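**Student:** My questions will all concern the structure given below.
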Number of protein chains: 2
Amino acid sequence: MLEFKVEKTSSECKARTGTLKLNHGEVKTPIFMPVGTRASVRAMTCDELKEIGSQIILGNTYHLYLRPGEEIMREAGGLNKFMNWDKPILTDSGGFQVFSLSRQRKITEEGVHFRSHIDGSKHFISPEKSIDIQNFLGSDIMMAFDECVPYPASYDYTKDSMLRTLRWLERCIKHNKNDNQALFGIIQGGMYKDLRKYSAEKTTAFDLSGFSIGGLSVGEPKDMMVELLHYTTQFMPINKPRYLMGVGSPDYLFEAVEAGVDMADCVLPTRIARNGTAISYNGKLVLKNAKYRKDFRPIDENCSCYACKNHSRAYIRHLISVNEILAARLLTIHNLYFLLDLMKNIRSSIEEDRFLEYKKEFYDSYGY
Amino acid sequence: MLEFKVEKTSSECKARTGTLKLNHGEVKTPIFMPVGTRASVRAMTCDELKEIGSQIILGNTYHLYLRPGEEIMREAGGLNKFMNWDKPILTDSGGFQVFSLSRQRKITEEGVHFRSHIDGSKHFISPEKSIDIQNFLGSDIMMAFDECVPYPASYDYTKDSMLRTLRWLERCIKHNKNDNQALFGIIQGGMYKDLRKYSAEKTTAFDLSGFSIGGLSVGEPKDMMVELLHYTTQFMPINKPRYLMGVGSPDYLFEAVEAGVDMADCVLPTRIARNGTAISYNGKLVLKNAKYRKDFRPIDENCSCYACKNHSRAYIRHLISVNEILAARLLTIHNLYFLLDLMKNIRSSIEEDRFLEYKKEFYDSYGY
């Protein structure tokens, strides 16, 4: 099940608010989705995810297919039950990891042969297989199997890949056994406008629940990303949710919302947390730096997250320097809370029709 | 401040219940104390420690002296404030780690010269220095500086060391700047009864708040430990708390309580948690084993901890196998909850004067 309603659209740009109704509950958009790669958002419990306001999380099809695998996941009754998360889940198609992580991959029209990055075992994922996996994971929103073309890539490679992704999309739609799980098609086309246009028009011609934008934020310059993003969303229907894959830095989230994007995800906030970095309204704090050793202020005095309400920069810096698990926990809580809070503020600013003003305020205080 | 009141003593053995009044609150004994080595009980927040019923935690003087060090700890206003823990803290003397972890240590009458196990830097800890550190840490209970003699050790070495520990105790008492922090003397004497008796009598002759038993559970056979423990406690005053250092397996806790011990600590439950092992009333579960991969029961169906109320063995086993932080978190919560709950049950059994019966029941169900 998926119902989407656009509620308020900015008078100055494509930014909009909306509500997504899914099997496991409602999601207010625009939204940032924490990534629970292997049935766990790293360092977080499900209750903590709820406490910081997570409405929907991601699961990675590739990782969950390899471990714990189909048999355990089926017996558990799907991903929600397995990890005890009762709110919506979005699963990716596995395509991104097959292409970026696996070894000795060979792409054919039929699908992708590859070896596991863990133990070298041989596997094959096709559009049908990806949907099968997502069916037994039981996610609220599934992604069609696609190839995420790296940057840079030649025009011919990008075109061939994009056309194959379109053919794979048809097979995904045909193969899906559970109409109650929403299926999104993914727009590709690399950095080439005509390919983006073609992919967007053909993908959105299918009667799907929503549409994703893949293959952006893969290493290209920011200007190029922003231009292609705006270029792409103009070909996407207004009444369907738009999901920009793999974006999670504050500025990219603002650009995405400005271009009319409703959903985004990224491992960035949790990854840099484990690496000792906090994000705040005043910019990044590399807390492992010695300058914080006697700084007894919270990460952000105006933040209401558990870390900021209870602990000092000096304490967190100490935890990082002695490699305590609590460091990763506190910084993950803070960074996810920050991004979810930021998206809430962005939503309010759209409701008040002052999104661009809020964007400018944020950029000034963040230091972009 | 320390007040101790024995409340109920078993009619069959030396087991007893009591209440310790400390600067940061009351502690019901017998008690197991989680170890917060470097200003953090690994993988746990302070709120989680309270939720599972922790009344007092340990801090390690050696580790905290090296990192974050005196300057930061003083500016933070002590260990409680630094880590935001508002209940009692007990600090060890640093002796155990100086002798077991440091490099190139040289014991003199004055104190111990050693190199840090982290960076090889040179340090010197004397009885006075140990008390200075514990004074600025601000713990509720401090330990006098001692040498924990390894097992096996010769009679002569053990005797010389024990006599020096007694001389160091006098210096600790003389040097202590804060009468409001309770100071415990540590009984040593290795595996030699006459040395234990001598150490116990001389140590307890000082007017101290309580007394610890060190140098047991250091690798000697269980029978020997139990015999020496019972032998030692008979020379300890009834009206002062007795602390057995470094004990945390369920059977050793029962033996300790039976011998009249009030307090114990150990890193065992948190260490084996991070290694994928759970402790329960039905014995140990090595959850990383493949046999749990499709076991959708909780670790212990009768346990009320967060892990058991929310997650299955299969899920935790998956988290272990993919090396997720949440595995260590859930198992640490469970293992600490189990030991604190066990001590609560032990306390009740003493109150009901059925401690030995309860011990037998537990040994039967645990499988000893």
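The values are calculated or read from the model by the stated rules, or taken from the named source; none is laboratory data. Source: prediction; values computed, not measured. Glycine gets a Cβ as well: all are built from the backbone with ideal geometry, and neighbour counts include every protein chain shown. Side chains are part of the model used for accessible areas, which takes the heavy atoms of the whole protein and leaves out ligands, DNA and RNA. Shrake-Rupley method; radii C 1.70, N 1.55, O 1.52, S 1.80 Å.
**Student:** Where in segment A:60-158 are there strands (runs of 3 or more DSSP E), lying wholly inside it, with at least 1 residues that are buried (at least 22 other Cβ atoms within 10 Å of the Cβ)?
**Tutor:** Here the list reads A:89-91, A:112-115, A:122-125, A:141-143.
**Student:** Based on this model, can you work out whether residue A:292 counts as of a type in the set (Phe, Trp, Tyr) and touching a Lys or Arg at 6+ places or on another chain (Cβ under 7 Å)?
**Tutor:** yes
**Student:** Among the residues of segment B:247-292, write down those that are in contact with a strand residue (DSSP E or B) (Cβ under 9 Å, 6 or more places away or on another chain), touching a residue at least 60 places away in the same chain (Cβ under 8 Å) and not aliphatic (A, V, I, L, M).
**Tutor:** B:248, B:250, B:260, B:262, B:265, B:266, B:269, B:270, listed by residue number.
**Student:** A follow-up question, please. If I ask for residues that are charged (D, E, K, R) and in contact (Cβ under 8 Å) with a residue 60 or more places away in the chain, which ones from segment B:48-82 would you list?
**Tutor:** Within segment B:48-82, B:48, B:51, B:70, B:74 qualify.
**Student:** Only one of B:227, B:255 is open to solvent by 10 Å² or more (accessible area, probe 1.4 Å) and closer than 22 Å to residue B:4 by Cβ. Can you tell me which? Don't jump to the end; show me each part of the working.
**Tutor:** Numbers: B:227 fails: closer than 22 Å to residue B:4 by Cβ.
That would be B:255, the only listed residue that is open to solvent by 10 Å² or more (accessible area, probe 1.4 Å) and closer than 22 Å to residue B:4 by Cβ.
To keep it simple, each residue is scored yes or no on (1) more than 19 Å from the chain's Cα centre (by Cα); (2) in a helix (DSSP H, G or I); (3) at pLDDT below 95; (4) within 23 Å of residue A:138 (Cα to Cα).
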site	(1), (2), (3), (4)
A:199	yes, yes, no, no
A:211	no, no, no, yes
A:220	no, no, no, no
A:232	no, yes, no, no
A:238	yes, no, no, no
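**Student:** Exactly one of these conditions fails for residue A:358: (1) more than 12 Å from chain B (Cβ to nearest Cβ); (2) not in a helix (DSSP H, G or I). Give me its number.
**Tutor:** Only one criterion is unmet by residue A:358, namely (2).
**Student:** Just to be sure, is residue A:14 among the charged types (D, E, K, R), open to solvent by 10 Å² or more (accessible area, probe 1.4 Å) and over 15 Å from residue A:86 (Cα atoms)?
**Tutor:** Values: among the charged types (D, E, K, R): yes; open to solvent by 10 Å² or more (accessible area, probe 1.4 Å): yes; over 15 Å from residue A:86 (Cα atoms): yes.
Judged against the criteria, residue A:14 is a match.
**Student:** Could I ask something else about it? Only residues in segment A:346-368 that are farther than 23 Å from residue A:284 by Cβ count as the first member; pair them with residues that are modelled with pLDDT of 95 or more and surrounded by fewer than 19 Cβ atoms within 10 Å (Cβ to Cβ), Cβ under 6 angstrom, at least 6 apart or cross-chain, and list the lot.
**Tutor:** Filtered contacts from segment A:346-368: A:350/A:8; A:351/A:8; A:353/A:11; A:356/A:12.
**Student:** Also, I was wondering about something else. Looking at (1) closer than 19 Å to residue A:48 by Cβ; (2) open to solvent by less than 10 Å² (accessible area, probe 1.4 Å), can you tell me which one residue A:318 breaks?
**Tutor:** (1)
**Student:** Take segment B:321-345 and flag every residue that is farther than 30 Å from residue B:15 by Cα and open to solvent by 30 Å² or more (accessible area, probe 1.4 Å).
**Tutor:** Residues satisfying the conditions are B:321, B:323, B:325.
**Student:** Give B:278, B:273 a once-over and let me know the one that is under 17 Å from the mean Cα position of the chain (by Cα) and under 25 Å from residue A:47 (Cβ atoms). So that I can check it myself, show each step before the final result.
**Tutor:** Working: B:278 fails: under 17 Å from the mean Cα position of the chain (by Cα).
Result of the check over B:278, B:273: B:273.
**Student:** Hey, could you check segment B:164-190 for residues that are part of a strand (DSSP E or B) and in contact with a Phe, Trp or Tyr (Cβ under 8 Å, 6 or more places away or on another chain) and say which is surrounded by the most Cβ atoms within 10 Å (Cβ to Cβ)?
**Tutor:** B:187
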